[in-house]
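Just below is one structure, and these are the notes that go with it.
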């Protein structure tokens, strides 16, 4: 059984249970509060999932690690390389004024020298 | 740690989603078990809106995403090359 089939099976079982309670297809005579609780459930679960996703994204944005020193080091190295190549006669395209700084992909606190994981965002 | 604006935006998102989650949970799960003459009911709309409002919000989100894609696609259209 593939994962897709598993998820579809689980989702359809839950969907059937929800339909049975909401539309009272088995005449179970549940107390009215429980019926009131069950019918918005699909929308409620979707909203909760959306809130969880938003909170996760926000938290990871707030705790992302900037390698300030590694960024400066990289800018210096770029400048050095450009000057070196200019001397050898290579024409350089103009660099953008606001070059994005490298950021550290891990959230661990590492020293800039050993921070080998930075990427340019 | 990310600084300044990044932290503000990040924690702002976390706070907003916590508020939204709490309000919506009370609206959908807690209120049916509270007596209908309790004062807390005055802070919440009728129950139908707990399904209608997220539905409308989802539609607006889809509209914004579709419009954005359409605008970008329109901007990036290139004239056909004539050989």
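Worth a mention:
- Residue B:21 vs. criteria touching a helix residue (DSSP H, G or I) at 6+ places or on another chain (Cβ under 8 Å), in a helix (DSSP H, G or I) and modelled with pLDDT of 95 or more: yes
- Unmet criterion (only one of (1) modelled with pLDDT of 90 or more; (2) more than 30 Å from residue B:54 (Cβ to Cβ); (3) within 14 Å of chain B (Cβ to nearest Cβ)) for residue A:61: (2)
Residue by residue, here is whether (1) within 13 Å of chain B (Cβ to nearest Cβ); (2) at positive phi; (3) at pLDDT 90 or above holds:
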| site | (1), (2), (3) |
| --- | --- |
| A:67 | yes, no, no |
| A:74 | no, no, yes |
| A:78 | no, no, yes |
| A:86 | no, no, no |
| A:89 | no, yes, no |
| A:95 | no, no, no |
| A:101 | yes, no, no |
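- Remark: pairs (first residue in region B:16-27, at the interface with chain A (Cβ under 8 Å from one of its Cβ atoms); second residue in a helix (DSSP H, G or I) and surrounded by 14 or more Cβ atoms within 10 Å (Cβ to Cβ); Cβ separation under 6 Å; 6+ apart in sequence or on different chains) = B:17/A:51; B:17/A:54; B:17/A:55; B:20/A:51; B:21/A:51; B:24/A:47.
- Failed item, numbered, when residue A:44 is tested on (1) in contact (Cβ under 8 Å) with a residue 12 or more places away in the chain; (2) touching a helix residue (DSSP H, G or I) at 6+ places or on another chain (Cβ under 9 Å); (3) surrounded by 13 or more Cβ atoms within 10 Å (Cβ to Cβ): (1)
- Sole exception among (1) within 14 Å of another protein chain (Cβ to nearest Cβ); (2) closer than 30 Å to residue B:11 by Cβ; (3) in contact with a helix residue (DSSP H, G or I) (Cβ under 9 Å, 6 or more places away or on another chain) for residue A:39, by number: (2)
- Residue, nearest to residue B:15 (Cα to Cα), within region A:47-68, restricted to residues that are in contact (Cβ under 8 Å) with a residue 40 or more places away in the chain and not in a helix (DSSP H, G or I): A:63
The values are calculated or read from the model by the stated rules, or taken from the named source; none is laboratory data. Because the structure is a prediction, the values reported are computed rather than measured. Glycine gets a Cβ as well: all are built from the backbone with ideal geometry, and neighbour counts include every protein chain shown.
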